[in-house]
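One structure below.
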Amino acid sequence: MRRLAGLLVVPLLLLSTVACGSEDKGSDSASSTNGLPAITAGAKFGEKPTLAKGEGDPPKELKVEVIKEGDGAKLKKGDSVSVNYLGQAWDSDKPFDNSFDRKQPFDVTLGAGQVIKGWDQGLEGQKVGSRVELVIPPELGYGAQGQGDIKPNATLVFVVDILKSTTIPVSAKGTDVAQDNIDLPKVGTNTDGKAPSITVPKKDAPTKLVSNYVIEGSGPAVKASDTLSVKYKGVLWKGGKEFDSSYSRGDAPVSFPLAQVIPGWQKGLEGKKVGSRVLLVVPPDMAYGDKAQGEIPANSTLVFSVDILAVL
């Protein structure tokens, strides 16, 4: 939900494919057993690590070393995962980012494309409670363009503590609610995890926010302070053209703090029940106003179907 989030700043972190490194099950060792940079301090799970500079040429493929194996569930695509991490370049001994200092774990939906490919691939299959070290080549990181303090074509090294994971439903589930207002869009009620249809009427757009149940779930009411896991699809009221969809990016849900998205989402989802599918019609003053945003023209009314899958 890159466009929706707008102000959502994702910390610099990454994950990649199935673990392919050696395993050190529970030793919390500060030494590297396979040529990866050593942890020279803070080796135990939960401690802020200090990483040595990499020696020699970095590996050309993703490397994953299990420093301490946990005993929790294995991570799978679509899980919402909470982690602490520290990252630095292979040829540096100074971190470019870490969550330990912020004292705020980072939440990510695995396989949703929210982070670099090295994170998505490297964490899949790892167990909750594990500490892993990832060495990520440029093509699975930020590539030739770099990112902030990360130089172009940099090989990246991360130490990641996997704190918890939540299995997210594939779809809203509950009671279908009648959509009998002919002046409003109609949203499909399929619950197979695929994108629902959105049919926009050839009428003038409403000038106030619309937030209606399409499927009413049975979970707790969403609070303004919640972090949500959702699937969504957005179309323009004028012409009905799709401009954004989580379904088109690997079919995995996305997660975000409700406070960090556009006002129409904040007001429209607060109070709605977890497990629901919600129709949102967002007027320009609660979306992007008189500024164009990617494929969204200025002064556009936006229509969304949002499945509220979980509170994290």
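Annotations for the structure displayed:
- Residues with amide H under 5 Å from that of Leu51, placed H, sequence gap 5 or more: Thr40
- Cross-link reach list, aspartates and glutamates versus Lys68, counting only Cα pairs under 17 Å and skipping chain neighbours closer than eight places: Glu23, Asp24, Asp28, Glu47, Glu124, Glu133, Asp161
- GNM top mover of Leu269, Leu209, Leu156 - the chain, alpha-carbon springs below 10 Å: Leu209
- In order along the stretch 167-176, the Karplus-derived 3J(HN,Hα) couplings, from 6.51 cos²θ - 1.76 cosθ + 1.60 at θ = phi - 60°, round to 7, 9, x, 7, 7, 4, 8, x, 9, 5 Hz, and Gly and Pro are given as x.
- Computed over protein heavy atoms with a 1.4 Å probe, the accessible surface of the stretch 111-265 works out to 44 Å² per residue.
- Protection proxy ranking for 49-58, 158-167, using the average of other Cβ atoms within 10 Å per residue and placing the highest first: 158-167, 49-58.
- Of Lys173/Lys223; Lys117/Lys231; Lys173/Lys241; Lys60/Lys151; Lys76/Lys117; Lys48/Lys127, pairs whose Cα-Cα distance is over 22 Å: Lys173/Lys241
- Ranking of Lys151, Lys202, Lys103 by solvent-accessible surface, largest first: Lys202, Lys103, Lys151 (1.4 Å probe, protein heavy atoms only, all chains present).
- For the chain, with all protein chains in place and a probe radius of 1.4 Å, 50% of the accessible heavy-atom surface sits on carbon or sulfur.
- For percent of Cα pairs over 32 Å apart, the candidate list reads (i) 21; (ii) 34; (iii) 43; the entry that matches the value derived from this model is (ii).
- Karplus-derived HN-Hα couplings along the stretch 213-218 (A = 6.51, B = -1.76, C = 1.60, θ = phi - 60°), whole Hz, x at Gly and Pro: 5, 9, 10, 9, x, 10
- ³J(HN,Hα) computed for each position of the stretch 53-60 - Karplus, 6.51 cos²θ - 1.76 cosθ + 1.60, integer Hz, glycine/proline x: 5, x, 10, x, 6, x, x, 8
- Ranking Pro206, Thr40, Gly70 by Cα position along the charge dipole of the chain, where only Lys, Arg, Asp and Glu carry charges on their C-beta atoms, puts Pro206 farthest toward the positive end.
The values are calculated or read from the model by the stated rules, or taken from the named source; none is laboratory data. Computed from a predicted structure; not experimentally measured. Reconstructed Cβ throughout: ideal geometry from the backbone, glycine too, with neighbour counts over all protein chains shown. Only protein heavy atoms, including side chains, enter the accessible area calculation; ligands, DNA and RNA are left aside. Shrake-Rupley method; radii C 1.70, N 1.55, O 1.52, S 1.80 Å.
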